[in-house]
Amino acid sequence: MTPHGKAPRAGQVEIENLAVTLGDDARAFTAVRDINAVIEAGEFVCILGPSGCGKSTLLAALAGHVAPSAGRAMLDRACIDGPHPERGMVFQQHTLLPWRKTLDNVAFGLKMRGIGKRERHAKARALLERVGLGAFADRYPVQLSGGMQQRAEIARAMLNEPRVLLMDEPFGALDAQTRAMMQSLLLDVWSEHKPTVIFVTHDIDEALFLADRIFVMSASPGTILEEMRVPFARPRVRGETHDLVTEPEFVALKRRCLALLRHQIIATPAVREDDAAGVRFTNSVQTAS
């Protein structure tokens, strides 16, 4: 079915014995190994792990930017063998096109799919209103704050209605107040559109607030040490009648994550996985003119 009709939604991700080796023959090393997981359609999963453990490499493999050296990743039983709009990507730093206004940035994916200007602008304006950027549709990215840029980035990814949304520390560069606001906004938009979300973060509180499940990864070569189900009911709120992060069960899960990670940090080699591979996680939106 075409993108104009409602195509099959789904979004189940299966990872089987996945390994990724990066670098040339002289500098090759295994970034991730023996990754096995099933992520259900519409599930929100966070990936926690020490720096350099291969979290971003795993995300790149799921995006189709990096080929596995062993095993495979599948979306709805089809092998992932390259980038595709059904797998949207959001980075820590925005990838908005500086010469396009916010409205045209958000609508860009629809333009690439051949959707007419009036329709794509109407859809983009509606989503910009949803994320609190309706008044900034005609601004350029440089005229937006960091939080606004990330809201526009998320809106652009969501407007394409991907089956899977891959997020690589998208709020890592934001201040604490803006980060908390963006987390709540993301959950609101996700609950409405329900793509499968795989979200990389270093922040345990963030993972526990956002996720249905958390995958804790080992030091490099990264593998999944533990899968942790997050039992808190949705919708999740902060700073109203109570604060989830102060609940005893939240604190207990945080301690468990800390205990797992504490033993991994000293084992992580000081090699940047992207530098060693020469991998550049380019987005089709970035490279299009």
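Using only alpha carbon pairs under 8 Å that are at least six residues apart, calculate the relative contact order of the stretch 118-214 and give it in whole percent.
In percent, rounded to a whole number, it is 26.
Arrange the peptides 166-179, 117-130 so that the one whose residues have, on average, the most other Cβ atoms within 10 Å appears first.
The peptides rank, most packed first, as 166-179, 117-130.
If each Cα of the chain is one equal point scatterer, what is log10 of I(q)/I(0) from the Debye formula at q = 0.09, 0.11, 0.15 Å⁻¹?
-0.43, -0.65, -1.21
Report, ordered by chain and residue number, the lysines lying within cross-link reach of K254, taken as a straight Cα distance under 20 Å and ignoring same-chain residues fewer than 8 apart.
Those lysines meeting the cut-off are K55.
With n ≥ 4 as the cut-off for DSSP H runs, can you work out [θ] at 222 nm for the chain, using -39500 (n - 2.57) per run divided by the number of residues, rounded to the nearest 500?
Taking each H run of at least 4 residues, the total per residue is -10000 deg cm²/dmol.
What is the diffusion coefficient of the stretch 95-161 in µm²/s, taking the Kirkwood radius over Cα pairs and the Stokes-Einstein relation at 20 °C with a viscosity of 1.002 mPa s?
189 µm²/s
Between A78 and L258, with labels modelled 7 Å along Cα→Cβ, what's the label distance in nm to one decimal, could you check?
4.5 nm
Mind listing the phi-derived Karplus ³J(HN,Hα) values for the stretch 212-221, rounded to whole Hz, using 6.51, -1.76 and 1.60 with θ = phi - 60°, and x for any glycine or proline?
Values, residue by residue: 7, 9, 10, 9, 9, 9, 7, 5, 4, x Hz.
Quick one, can you get me the convex hull of the C-alpha atoms of the stretch 1-125 expressed as volume per residue in Å³?
Enclosed volume per residue, from the Cα hull, is 152 Å³.
Work out how much length D24 to S145 would gain on full extension: take 0.36 nm times their residue separation and subtract the Cα-Cα distance, in nm to one decimal.
Stretched out fully, the D24 to S145 stretch lengthens by 39.6 nm.
If packing is taken as the average count of other Cβ atoms within 10 Å, what order do 191-203, 90-102, 66-78 fall into, highest mean first?
Ranked by mean Cβ neighbours within 10 Å, highest first: 191-203, 90-102, 66-78.
Taking amide H atoms as placed 1.01 Å from N in the peptide plane, list the residues 5 or more away in sequence, or in a different chain, whose amide H sits under 5 Å from that of V32.
Amide H to amide H, under 5 Å and 5 or more residues apart or across chains, V32 pairs with V20, G222.
Where a number appears in this text, it was derived from the coordinates with a stated rule and is not lab data. As the structure is a prediction and not an experimental result, all values here were calculated from the model. All Cβ positions, even for glycine, are placed from backbone atoms using ideal geometry, and neighbour counts span all protein chains on display.
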